[in-house]
Amino acid sequence: MDALTQQLMQQLSGDDISQISRQIGADNQTTGMALSAAIPLLVSALANNASQPAEAQALHQALAEDHDGSILNNMSGFLGNPQAANGAGILGHILGSQQSGVTQGLAQGTGLNSNQIGQLLEIAAPLLMGLLGQQQQQQGLNTPGLSDFLGGQQQQAQQSNPDMMHILNNLLDMDHDGSALDDILRMASNLFRGR
C-alpha cells in the first residue's frame, strides 16, 4: 500500500466508514474493502496524469488553489454533505474518459453496483486531493516534485501489492477486457483487514 492510501485509510475512523456505508447502501466491510481498492487506483491515475508536464502543472495549481487539506480536519462535516466538495467534477478530471470503465471494473471486482462505486469514488476523490494538497504544501513540492512524489507513491503501491496494482492498472488501460478482476475483492479484503 502506498503512503497516501495508508494515511487516508488511517484518517477514516470506523464511524466515517459507517457513514460512507450508509450513504452508498453497503455494509462496512465491503465499503472498507472497496475504498482499499479505489484509493490506490486514484493515486495511480493521478500519477499517470502527472507524468505529462501540462497535466502536472494543472494538478499542482488545482491543489494549491483548492485543496489545502482542511477537508480532512472536518471529516464528519464533509461526509454529511459530500456533494459540496464537487467530487464528481474532481473525479472527471482524474479519470477522464476512463471513468465509466473504471467504475464498472471496480463494481465487478467488489460486488457493489456501478452507482455505489460512483458514489464511493466521488467521496474518495476530494479526500485524496485534500491529502495530496496537504503533502504538497508541507513538503514544498513544485510541479516536477509533485510528479516525482506521485510516481514514487505509484511505485510503492506496485512493490507492496503487485498483483492488485496490476489489476487496478488494467482498469486504467482503456483496452482492458475486465477478465482479471476476480481477485480484487480478496486482495482488497486483505488490505482492509491489515490496516
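Derivation of every value follows stated rules applied to the coordinates shown; laboratory data play no part. The structure displayed is predicted, hence computed values, not measured ones. We place every Cβ from the backbone using ideal geometry, glycine too, and count neighbours over all the protein chains shown.
Just to compare against my own numbers: the Cα pair-distance distribution for the stretch 1-91, 10 Å bins, whole % per bin, please.
Calculated P(r), rounded to whole percents: 14, 44, 34, 8, 0.
Can you give the charge dipole size of the chain about its Cα centre, rounded to the nearest 20 debye, using +1 on the beta carbon of Lys and Arg and -1 on the beta carbon of Asp and Glu?
Values: 4 positive and 16 negative charges, 75 e Å.
Using Cβ point charges on Lys, Arg, Asp and Glu, the chain gives about 360 debye.
Can you list the residues of the stretch 114-144 with backbone N under 11 Å from a point 7 Å past the Cα of Q11, pointing along Cα to Cβ?
Under 11 Å, as judged by backbone N against the label point of Q11, lie 124-136 of the stretch 114-144.
Can you give the log10 of the normalised intensity I(q)/I(0) at q = 0.19 Å⁻¹, computed with Debye over equal Cα scatterers of the chain?
-1.44
Can you compute the label reach from E55? Point 7 Å from Cα along the Cβ direction, backbone N cut-off under 15 Å, restricted to the stretch 1-44.
Backbone N within reach: 41-44.
Expressed as a rounded percentage, what relative contact order does the chain have, with Cα pairs under 8 Å and six or more residues apart? Intermediate results must be reported in sequence, preceding the final value.
On the way: 237 pairs, mean separation 73.2, N = 195.
After rounding, I find 38 percent.
Could you pull out every whole DSSP H run in the chain that spans at least 24 Å of Cα extent along its own axis and averages -0.5 or higher on the Kyte-Doolittle scale?
On the way: long enough: 28-50 (32 Å, 0.77); 114-139 (36 Å, -0.05); 143-160 (26 Å, -0.97).
Correct list, ordered by number: 28-50, 114-139.
Mind ordering 117-123, 15-21, 145-151, 38-44 by average Cβ neighbours within 10 Å, highest first?
Details: 117-123: 23.7, 15-21: 17.7, 145-151: 19.3, 38-44: 26.1.
Descending mean neighbour count gives 38-44, 117-123, 145-151, 15-21.
Among Q135, T5, G32, whose Cα projects farthest towards the positive end of the dipole of the stretch 3-193, with charges put on the beta-carbon of Lys, Arg (+1) and Asp, Glu (-1)?
Result: G32, furthest along the dipole toward the positive end.
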